[in-house]
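Undergrad: This is the structure, below, for whatever I ask next.
The values are calculated or read from the model by the stated rules, or taken from the named source; none is laboratory data. Note that the structure is predicted; figures quoted are calculated from it, not measured. We place every Cβ from the backbone using ideal geometry, glycine too, and count neighbours over all the protein chains shown.
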Amino acid sequence: MKLCELADRLGCRLEGDAAIEITGVAGMERAGPGELTFLANPKYAHKVKHTRAAAILVTEPIAGMDISCVVSDNPYLDFARALSFFYTPPCPPRGIHRLASVAATAVVGEGCSIGPFAVVGEHVRLGRNAVLHPHAVIYEGAEIGDDFLAHSHAAVREFCRIGNRVTLQNGVVVGGDGFGFAKRADGTHFKIVQSGVTVLEDDVEVQSLTSVDRATVGETRIRRGAKIDSLVQIGHACQVGEDNIICAQTGLAGSTVLEKNVLLAGQVGSSGHLTVHEGAVVYAQSGIGGDVAPASRISGSPAFAASEWLRAITAFPKLPDILKSLRDMKKRLEQLEKK
């Protein structure tokens, strides 16, 4: 693809050689001749002079450099868009493989691809253009919209509901039992039936080996556009808001509510029955023990305002010296009092 064509498809302005042939995209340090790279953070601008890329996505042209510039308001986003021009994941052939198991009562939409050893249970409704890779399993009564993609070993449990354009990566479990037990008088545990469902709205993506539990009663709901990373646990009756980003190894205890545009970094934990309000950011390894205010940034365990946490963590290594100084001061005061 010529650089001028690529810039046109991205809706960006081109500064440089329009006739360059672009064969792919790559990061700045790995890009070679014929490839497009990007500069999203100005602090890495010094690396541009070392790149071998043929062209670069930038917010403004780079002076004094022999490299063609594709000027973009959002270089990282346009780099991601450009990737799709050069890489298309393999798509299995349409139809139901002879080794797949599809119940007679299931309703399968047009254009679906159901791979070998995939299972579609009784009374399932599967929308158009769904792709089930080998060993994906859809339990009885599940309802799934159009353009669904389930990679190998993903499972959608009974009666769960999934919207359009939802992607489940390998090993995802949607609607597994919530962790609910009642203690008997003798100390043993009685399993509470998990009679609720899990609902995934449109444009949700869930990464590998993540579990989104069904509710005891009612529902667990992941709202439109939320993106959930690998190895995340969403407990029963949680509500994950629109356009949330939840990073790896995060765990949400039951009935956690995340409002719109919340970001939880890696290894965040929530104690449950609380609300993280719209636009909040929770930094990595934080423990959330109560409600989080809108648009706030918190960190630590237990988590509190990130700006205060930074001051506290800076002081923490100095505590032994501070304690020693206090003890010395106390001794001197005691000596003065004796005199």
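Undergrad: Select, from Glu337, Glu259, the only residue that is acidic (Asp, Glu) and buried (at least 16 other Cβ atoms within 10 Å of the Cβ). If you could, list the steps in order and put the result at the bottom.
TA: Numbers: Glu337 fails: buried (at least 16 other Cβ atoms within 10 Å of the Cβ).
Checking each option against the conditions leaves just Glu259.
Undergrad: Let me ask something additional. Keeping to region 113-161, report how many residues are part of a loop (DSSP other than H, G, I, E, B) and crowded, with 24+ Cβ neighbours inside 10 Å. Outline the logic, then answer.
TA: Start the filter on region 113-161 by keeping residues that are part of a loop (DSSP other than H, G, I, E, B), which leaves 115-118, 121-124, 127-130, 133-136, 139-142, 145-148, 151-154, 157-160.
With the extra rule that they be crowded, with 24+ Cβ neighbours inside 10 Å, the set shrinks to 118, 130, 136, 142, 148, 154, 160.
Result for region 113-161: 7.
Undergrad: Tell me which residues, restricted to region 260-273, are farther than 18 Å from Gly235 by Cβ, assigned to a loop (DSSP other than H, G, I, E, B) and in contact with a strand residue (DSSP E or B) (Cβ under 7 Å, 6 or more places away or on another chain).
TA: The one that is farther than 18 Å from Gly235 by Cβ, assigned to a loop (DSSP other than H, G, I, E, B) and in contact with a strand residue (DSSP E or B) (Cβ under 7 Å, 6 or more places away or on another chain): Ala265.
Undergrad: So which residues in region 236-265 are under 18 Å from Gly287 (Cβ atoms) and of a type outside the set (Gly, Ala, Ser)?
TA: Here is the first cut: in region 236-265, the ones under 18 Å from Gly287 (Cβ atoms) are 238, 246-258, 262-265.
If the condition is that a residue be under 18 Å from Gly287 (Cβ atoms) and of a type outside the set (Gly, Ala, Ser), then Cys238, Ile246, Cys247, Gln249, Thr250, Leu252, Thr256, Val257, Leu258, Val262, Leu263, Leu264 are the ones that fit.
Undergrad: Still on this structure, I have one more. Test each condition in (1) surrounded by 13 or more Cβ atoms within 10 Å (Cβ to Cβ); (2) free of Cβ contacts under 8 Å to residues at least 24 places away in the same chain; (3) polar (S, T, N, Q) for Ser307 and report the one that comes out false.
TA: Unmet condition: (1).
Undergrad: Condition first: more than 27 Å from Ile245 (Cβ to Cβ), in contact with a strand residue (DSSP E or B) (Cβ under 8 Å, 6 or more places away or on another chain), of a type in the set (A, V, I, L, M, F, W, C) and assigned to a loop (DSSP other than H, G, I, E, B). Can you find one or more residues in region 205-222 that meet it?
TA: Checking region 205-222: not a single residue is more than 27 Å from Ile245 (Cβ to Cβ), in contact with a strand residue (DSSP E or B) (Cβ under 8 Å, 6 or more places away or on another chain), of a type in the set (A, V, I, L, M, F, W, C) and assigned to a loop (DSSP other than H, G, I, E, B).
Undergrad: Is it the case that some residue within region 274-287 is outside any helix (DSSP H, G or I), exposed (fewer than 14 other Cβ atoms within 10 Å of the Cβ) and at pLDDT 95 or above? Write out each step before concluding.
TA: Within region 274-287, the subset outside any helix (DSSP H, G or I) is 274-287.
Within this subset, residues satisfying the condition of being exposed (fewer than 14 other Cβ atoms within 10 Å of the Cβ) are none.
No, region 274-287 has no match at all.
Undergrad: Within region 91-109, does at least one residue satisfy the condition of being modelled with pLDDT under 95, loosely packed, with under 12 Cβ neighbours inside 10 Å and either touching a Leu at 6+ places or on another chain (Cβ under 6 Å) or not in a strand (DSSP E or B) (or both)?
TA: Yes - at least one qualifying residue is present in region 91-109.
Undergrad: Which residue, of Val217, Val212, is within 20 Å of Gly178 (Cβ to Cβ), crowded, with 16+ Cβ neighbours inside 10 Å and among the hydrophobic types (A, V, I, L, M, F, W, C)? Explain how you work it out, then say what you get.
TA: Values: Val217 fails: crowded, with 16+ Cβ neighbours inside 10 Å.
Selected residue: Val212, the only one of Val217, Val212 that is within 20 Å of Gly178 (Cβ to Cβ), crowded, with 16+ Cβ neighbours inside 10 Å and among the hydrophobic types (A, V, I, L, M, F, W, C).
Undergrad: Could you tell me which of the residues Leu310, Leu333 is more than 29 Å from the chain's Cα centre (by Cα), at pLDDT below 95 and of a type outside the set (Val, Ile, Thr)? I'd like the intermediate steps shown before the answer.
TA: Working: Leu310 fails: more than 29 Å from the chain's Cα centre (by Cα).
Sole residue among the options that is more than 29 Å from the chain's Cα centre (by Cα), at pLDDT below 95 and of a type outside the set (Val, Ile, Thr): Leu333.
Undergrad: Under 8 Å by Cβ, and 6 or more places apart or on different chains, what pairs join a residue from region 121-136 that is farther than 19 Å from Asp203 by Cα with one that is surrounded by 23 or more Cβ atoms within 10 Å (Cβ to Cβ) and among the β-branched types (Val, Ile, Thr)?
TA: Gly121/Ile138; Val124/Ile138; Val124/Ile144
Undergrad: Based on what the data block shows, is Pro61 over 20 Å from Thr23 (Cα atoms), at pLDDT below 90 and either of a type in the set (A, V, I, L, M, F, W, C) or in contact with a strand residue (DSSP E or B) (Cβ under 8 Å, 6 or more places away or on another chain) (or both)? Working first, answer last.
TA: Details: over 20 Å from Thr23 (Cα atoms): yes; at pLDDT below 90: yes; either of a type in the set (A, V, I, L, M, F, W, C) or in contact with a strand residue (DSSP E or B) (Cβ under 8 Å, 6 or more places away or on another chain) (or both): yes.
Answer is yes for this residue.
Undergrad: Sort out which residues of region 150-187 are touching a residue at least 60 places away in the same chain (Cβ under 8 Å) and among the hydrophobic types (A, V, I, L, M, F, W, C), and write them in order of number.
TA: Answer for region 150-187, where residues must be touching a residue at least 60 places away in the same chain (Cβ under 8 Å) and among the hydrophobic types (A, V, I, L, M, F, W, C): just Phe179.
Undergrad: Can you pull out every residue in region 40-86 that is of a type in the set (A, V, I, L, M) and farther than 20 Å from Glu5 by Cα?
TA: To start, the set of residues in region 40-86 that are of a type in the set (A, V, I, L, M) comprises 40, 45, 48, 53-58, 62-63, 65, 67, 70-71, 77, 80, 82-83.
Residues satisfying the conditions are Ala40, Ala45, Val48, Ile62, Ala63, Met65.
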